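Student: Mind looking over this structure? Questions follow.
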Amino acid sequence: MNDYPFVPSDVALYRRMLSGADAVMDQQTWDDMLLPAYSAELARETSIFGQQELHRRLYAADDASALPSSASRVRGLMADDDARLRLQTASKDLRQADREISETLYGPELPRAPRWLPALAWLPVVFLASAGVALIAGWLPLWGVALVAWLALCGIQARFHETVQAWERILASMQLMLRAHTLLGEIDPRFANDAAQAGKLNRRISRSLASRMPGVSEYADWLWLANVRHHFRSRDVVRENIDFLRGSFERVAMLDADLALARHLAKADVYCWAEQGDAVELEQVVHPLLADAAALDFGMARKGVFISGQNGVGKSTLLRTVGLSLVTARAFGFCYARRAVTPLLPVYASMQNEDALGAGESFYMAELRRGQELLALSAQRPAIFIIDEIFRGTNYLESVSAAAAVLHTLAQQGRVVVASHHLVLASLLSDCLEPWCVRRTGGQWQLAPGLLQHTNGITLLAERGFAPAITSKADRIHAWLSDYMAHPADRTLISLT
């Protein structure tokens, strides 16, 4: 079965429609943590209903007491292959839905059918009667009446054609949901009590059998306006049963999301159910989107972490690996590690700031804007902040100064995990961040206490094919700058010739 390719904005609509939902994710964190790609991986073989529920769980804050129940449901599905197969079979037709319906169910109230709707039934009668009498009696004025009635029928059909077509797609998705609800009532007790009501409602919003017959439906629509009248009447039925439909949507979406998570974890190389605690402990954590990902142990108590490492060693990958498991622990209850202890705190990231030419925002201005956003978020609730190379868009002294001020303030409100090549930040922030150095040894990641001792920025010049003269000149400048910064009064300006 080929799944309909819903765009991200459609998947996000359910979460956006839930007024008052307490979001603990913002768009930049969503992008920085590569959650679009991760969500696409979760969404394999999943309907729009399940996709929207997965997105909601990742994005919004549920009551912490609901997480054990959610995790228990997924664990139960993984433990019972037969039950999982029966539930998947009963709900598989959900994947045929090609229109999301949360906007209809949770958006503005649907309007009532217009008062003139009953009059539509008389238009075909007027047309057929006037045309028939004119044909038999040959009375020409009646042809004019027939023409007016026909033009009215065509005008109404043209006026509502696109609206009716869009509504039929919404109803088709809604009927797939109600049909799944009915079938699941025979398997799952959560659906059993009102499965018959779902079936009855499904029949009420369906078109009559006669109007769906091939060769008949076109005449029924153009002559009797069957599609227009069904549009308004079925919309009234949906409006009158909106609470039941919302409840059905939530249960069907929840089950489809749970099935998606069970399928995903069944294929995962490494995962564990996270224990809740104040510290962060991730043993042999990996990133699920990386093939043959190297595992790493990561820990953080009340103090945050300052991470240093050579260029290309994988500091950004480490941040995303830790960040994703913290996000999934809060949203789903599991991490991609052998063992995990995590606090149920939101995660906010700053890793991919970019300039915006159209908005006239430079790279540094984008960094400043993100810094202000993180400070505002830290004032709202405790959180974990994952930051990569903050304030790169200005000179060294001001970069270090601004970074130290912002990171220190964030660390007072929450916990900070930051990677930077500005090693002096480790000393400036020693009261709130523990220094750790990441390195690769024999293809394995290692994270150990302390700071990077041997940088490789200039070494990479030679490895990447820069001329020996360039590398030599860079070495000389580096040696001079290192000595100058230690003893500025004792050095004369270096010559580059």
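The values are calculated or read from the model by the stated rules, or taken from the named source; none is laboratory data. Keep in mind that what you see is a predicted model, and the values were worked out from it rather than measured. Don't worry about glycine lacking a Cβ; one is built from the backbone with ideal geometry, like all the others, and counts go over all protein chains shown. Surface areas here come from the heavy atoms of the whole protein model, side chains and all, with no ligands, DNA or RNA. Shrake-Rupley method; radii C 1.70, N 1.55, O 1.52, S 1.80 Å.
Student: Could you grab the pairs with beta carbons closer than 6 Å, sequence gap of 6+ or different chains, first residue in segment 195-207 and open to solvent by 40 Å² or more (accessible area, probe 1.4 Å), second one in a helix (DSSP H, G or I) and at pLDDT 95 or above?
Tutor: Short answer, once both residue conditions are applied: 204/237.
Student: Which one of these is part of a helix (DSSP H, G or I), open to solvent by 50 Å² or more (accessible area, probe 1.4 Å) and within 30 Å of residue 208 (Cβ to Cβ): 229, 239, 235, 246?
Tutor: 246
Student: Out of segment 27-81, which residues are among the acidic types (Asp, Glu), touching a residue at least 60 places away in the same chain (Cβ under 8 Å) and more than 21 Å from residue 325 (Cβ to Cβ)?
Tutor: Residue satisfying the conditions is 45 alone.
Student: Taking segment 302-338 on its own, how many of its residues are touching a residue at least 60 places away in the same chain (Cβ under 8 Å) and closer than 25 Å to residue 424 by Cα?
Tutor: Residues in segment 302-338 being touching a residue at least 60 places away in the same chain (Cβ under 8 Å) and closer than 25 Å to residue 424 by Cα: 20 in total.
Student: Kindly list the number of the only condition in (1) more than 28 Å from residue 343 (Cβ to Cβ); (2) assigned to a strand (DSSP E or B) that fails for residue 354.
Tutor: (2)
Student: Now for a different question. Those residues that are touching a strand residue (DSSP E or B) at 6+ places or on another chain (Cβ under 8 Å) and either among the acidic types (Asp, Glu) or open to solvent by 20 Å² or more (accessible area, probe 1.4 Å) (or both), I need them from segment 412-431; list them, please. Step through it out loud before you land on a result.
Tutor: Taking segment 412-431 as the starting set, the residues that turn out to be touching a strand residue (DSSP E or B) at 6+ places or on another chain (Cβ under 8 Å) are 414-421, 423, 425-426, 429.
Passing the criteria: 421, 423.
Student: State yes or no: is residue 377 in a helix (DSSP H, G or I), in contact (Cβ under 8 Å) with a residue 40 or more places away in the chain and touching a strand residue (DSSP E or B) at 6+ places or on another chain (Cβ under 8 Å)?
Tutor: Details: in a helix (DSSP H, G or I): yes; in contact (Cβ under 8 Å) with a residue 40 or more places away in the chain: yes; touching a strand residue (DSSP E or B) at 6+ places or on another chain (Cβ under 8 Å): yes.
Yes: the conditions hold for residue 377.
Student: Quickly run through segment 287-300 and pick out the residues that are surrounded by fewer than 17 Cβ atoms within 10 Å (Cβ to Cβ), touching a residue at least 24 places away in the same chain (Cβ under 8 Å) and over 17 Å from residue 37 (Cβ atoms).
Tutor: Step one: list which residues in segment 287-300 are surrounded by fewer than 17 Cβ atoms within 10 Å (Cβ to Cβ), which gives 289-292, 297, 299.
From the residues that got through so far, the ones that are touching a residue at least 24 places away in the same chain (Cβ under 8 Å) too are 289-290, 297.
Result: 297, single match.
Student: Are there any pairs with C-beta distances below 8 angstrom linking a residue in segment 82-98 that is closer than 17 Å to residue 254 by Cβ to a residue that is open to solvent by less than 80 Å² (accessible area, probe 1.4 Å) and among the hydroxyl-bearing types (Ser, Thr, Tyr), with the two at least 6 apart or on different chains, and if so which?
Tutor: 91/47; 94/47; 95/46; 95/47; 97/47; 97/173
Student: Looking at (1) open to solvent by 20 Å² or more (accessible area, probe 1.4 Å); (2) touching a Cys at 6+ places or on another chain (Cβ under 9 Å), which one does residue 282 not meet, given that it meets all the others?
Tutor: All conditions pass for residue 282, except number (1).
Student: Return the residues of segment 86-126 that are among the small types (Gly, Ala, Ser), closer than 28 Å to residue 150 by Cβ and surrounded by 14 or more Cβ atoms within 10 Å (Cβ to Cβ); say none if nothing qualifies.
Tutor: Of everything in segment 86-126, just one residue is among the small types (Gly, Ala, Ser), closer than 28 Å to residue 150 by Cβ and surrounded by 14 or more Cβ atoms within 10 Å (Cβ to Cβ), namely 113.
Student: Of everything in segment 127-147, what is at negative phi, open to solvent by 40 Å² or more (accessible area, probe 1.4 Å) and more than 60 Å from the chain's Cα centre (by Cα)? Give them in sequence order.
Tutor: Listed by number, the residues that qualify are 133, 135, 136, 137, 139, 140, 141.
Student: For segment 26-49, which residues satisfy the criterion of being open to solvent by 10 Å² or more (accessible area, probe 1.4 Å) and either hydroxyl-bearing (Ser, Thr, Tyr) or farther than 26 Å from residue 176 by Cα (or both)?
Tutor: Residues satisfying the conditions are 26, 27, 28, 30, 31, 34, 36, 37, 39.
Student: Provide a single number: the residues in segment 432-450 that are surrounded by fewer than 16 Cβ atoms within 10 Å (Cβ to Cβ) and either in contact with a helix residue (DSSP H, G or I) (Cβ under 7 Å, 6 or more places away or on another chain) or at pLDDT 90 or above (or both).
Tutor: The qualifying residues number 2.
Student: Another question, then. I need the full set of residues from segment 50-68 which are open to solvent by less than 60 Å² (accessible area, probe 1.4 Å), over 26 Å from residue 174 (Cα atoms) and among the small types (Gly, Ala, Ser), in order please.
Tutor: 61, 64, 66
Student: Can you confirm whether residue 168 is assigned to a loop (DSSP other than H, G, I, E, B), touching a residue at least 24 places away in the same chain (Cβ under 8 Å), acidic (Asp, Glu) and surrounded by 15 or more Cβ atoms within 10 Å (Cβ to Cβ)?
Tutor: Taking the combined requirement at face value, the residue does not satisfy it.
Student: If you check residue 298 against the conditions, is it part of a helix (DSSP H, G or I), aromatic (Phe, Trp, Tyr) and out of contact with any His (no Cβ under 8 Å at 6 or more places or on another chain)?
Tutor: Numbers: part of a helix (DSSP H, G or I): no; aromatic (Phe, Trp, Tyr): yes; out of contact with any His (no Cβ under 8 Å at 6 or more places or on another chain): yes.
When the stated conditions are applied, residue 298 does not pass them.
Student: List pairs: first in segment 267-286 and over 23 Å from residue 45 (Cβ atoms), second of a type in the set (Lys, Arg) and open to solvent by 50 Å² or more (accessible area, probe 1.4 Å), Cβ under 7 Å, 6+ apart or cross-chain?
Tutor: 272/338; 272/339; 283/338; 283/339; 284/338
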